[in-house]
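Student: Let me give you the structure first, and then I'll get to my questions.
The values are calculated or read from the model by the stated rules, or taken from the named source; none is laboratory data. Just so it is clear, the model here is predicted, and its values are computed rather than measured. Methodologically, a virtual Cβ is constructed for each residue, glycine included, from the backbone with ideal geometry; neighbour enumeration extends over all protein chains shown. Please note that ligands, DNA and RNA were not included when accessible areas were found on the heavy atoms of the full protein model with its side chains. Shrake-Rupley method; radii C 1.70, N 1.55, O 1.52, S 1.80 Å.
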Amino acid sequence: MKPFQITGRKGWHAEVRLAGGRKARRTFATEEEATRWMAEGAPAKPQDAPAPAFGGPSRIRLGALLFEYAKLYSLNKGGCQAELTRINHYLEGANLPQLALHVDAFGRRTLLTKSAHGAVPKGWKNYLDTRREHSARTFACMRSLGSKLCSDVTTADIAALKAVMESDGRKPSTVQKEVALLKHCFNVAVDVWKWKGFENPCCGVKLGGSDKRFVVVTEEQLQALERSLEQCDNPLVWPLVELAISSAMRKGSLLSLDWSKLDLKGRKARIWGKGRWVDVPLSQRSLELLRNSPRLDSNRVFPMTSN
């Protein structure tokens, strides 16, 4: 378009079309000023506006969106591995490879692809099969959502997922984390990936309160734990569990524990926690466990996966 005049009115009028069919118009004293505004000072025209990431909600499936979300957001979260476990169910529905966290010797994180279900010890396989059978409806619902285009995911779909998880006996805190993951992913799509006009389908889904995380372990539960450890064919599991109890170190810290970071004489272990190296004091029981642990790897004390 070019600047124009209107009969009965003064000045030159300049007009441009904006995204969504709106228009912006201004009046100038001269044709040159109007032309300059249209070329330099006018609001961005639709063709100049950045395109929505991944083609927008009508071009990408939820599983594929979560795949991208995992690379940018889940990777740097403290609960990355747990979140990847949830995301992988949606990836399966979108026929995408499963994701796993890899941390190198310097603490740098990357995401790797893996097969959906790798080989696991017999006892663990029985446990996983039982869990999968018990939550079959929940996993099927997640796979179905993962296969949908984001534009087709509705609030009713999210509410249905919540209802299925509750009927499968999932705790309120687990349901909250699931919906929170999807909600934040869609919020990122709107705020960061510029999905204009897209409404987050998780909004409007009401969630209950979560359980308190304070747990008292009974003597019967400790005995049941001991019996389970006796049946495990991995010689590293029982010292790992006992060291967790005696040192209060978390699973991630224990699995990344390096022989070179242990000072048995000084009774301390250097671990990576919350973005920095921390020296953890070791009890006599912890020292005994570490001294008697088999050295199956020259670096890691417990060369096992998180699973």
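Student: Just to be sure before I move on: is residue 241 within 30 Å of the chain's Cα centre (by Cα), β-branched (Val, Ile, Thr) and within 15 Å of residue 305 (Cα to Cα) in the structure I sent?
Tutor: yes
Student: I would also like to ask the following. Among helices (runs of 4 or more DSSP H) lying entirely in the range 171-277, which contain 2 or more residues that are surrounded by 13 or more Cβ atoms within 10 Å (Cβ to Cβ) and β-branched (Val, Ile, Thr)?
Tutor: Helices (runs of 4 or more DSSP H) meeting the threshold: 172-191, 237-247.
Student: Which one of 135, 173, 167, 151 is under 19 Å from the mean Cα position of the chain (by Cα) and not charged (D, E, K, R)?
Tutor: Testing whether each residue is under 19 Å from the mean Cα position of the chain (by Cα) and not charged (D, E, K, R) leaves just 173.
Student: Right, next: Being open to solvent by 70 Å² or more (accessible area, probe 1.4 Å), part of a helix (DSSP H, G or I) and either in contact with a Leu (Cβ under 6 Å, 6 or more places away or on another chain) or not small (Gly, Ala, Ser) (or both) is true for just one of 68, 166. Which residue is that?
Tutor: Answer to the check: 166.
Student: Give just the number: which of (1) part of a helix (DSSP H, G or I); (2) at pLDDT 85 or above; (3) out of contact with any strand residue (DSSP E or B) (no Cβ under 8 Å at 6 or more places or on another chain) does residue 95 not satisfy?
Tutor: Single failed check for residue 95: (1).
Student: Could you please let me know if residue 102 is part of a strand (DSSP E or B) and open to solvent by 50 Å² or more (accessible area, probe 1.4 Å)?
Tutor: The answer is yes for residue 102.
Student: Going by the structure shown, is residue 51 buried (at least 19 other Cβ atoms within 10 Å of the Cβ) and at pLDDT below 85?
Tutor: Values: buried (at least 19 other Cβ atoms within 10 Å of the Cβ): no; at pLDDT below 85: yes.
Taking the combined requirement at face value, the residue does not satisfy it.
Student: So which residues in the range 122-159 are in contact with a helix residue (DSSP H, G or I) (Cβ under 7 Å, 6 or more places away or on another chain) and of a type in the set (A, V, I, L, M)?
Tutor: Answer for the range 122-159, where residues must be in contact with a helix residue (DSSP H, G or I) (Cβ under 7 Å, 6 or more places away or on another chain) and of a type in the set (A, V, I, L, M): 142, 145, 153, 158.
Student: Since residue 95 meets every condition but one in (1) on the phi > 0 side of the Ramachandran plot; (2) open to solvent by less than 40 Å² (accessible area, probe 1.4 Å), which condition does it not meet?
Tutor: Unmet condition: (2).
Student: Moving to a separate point now. Taking the range 261-292, which residues are under 34 Å from the mean Cα position of the chain (by Cα) and within 22 Å of residue 234 (Cβ to Cβ)?
Tutor: Within the range 261-292, 262, 269, 271, 286, 290 meet the criteria.
For every residue, the table says whether it meets (1) of a type outside the set (Val, Ile, Thr); (2) within 18 Å of residue 104 (Cβ to Cβ).
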{"position": "223", "(1), (2)": "yes, no"}
{"position": "228", "(1), (2)": "yes, no"}
{"position": "242", "(1), (2)": "yes, no"}
{"position": "249", "(1), (2)": "yes, no"}
{"position": "262", "(1), (2)": "yes, no"}
{"position": "266", "(1), (2)": "yes, no"}
{"position": "273", "(1), (2)": "yes, yes"}
{"position": "278", "(1), (2)": "no, no"}
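Student: On the basis of being in a helix (DSSP H, G or I) and open to solvent by 60 Å² or more (accessible area, probe 1.4 Å), does residue 131 make the cut?
Tutor: When the stated conditions are applied, residue 131 passes them.
Student: Pull up the range 140-154, narrow it to residues that are of a type in the set (D, E, K, R) and part of a helix (DSSP H, G or I), then point me to the one that is farthest from residue 88 (Cα to Cα).
Tutor: At the first step, the residues of the range 140-154 found to be of a type in the set (D, E, K, R) are 143, 148, 152.
Retained after the next criterion (residues that are part of a helix (DSSP H, G or I)): 143, 152.
Values: 143: 9, 152: 20 Å.
Across the range 140-154, the extreme among qualifying residues is 152.
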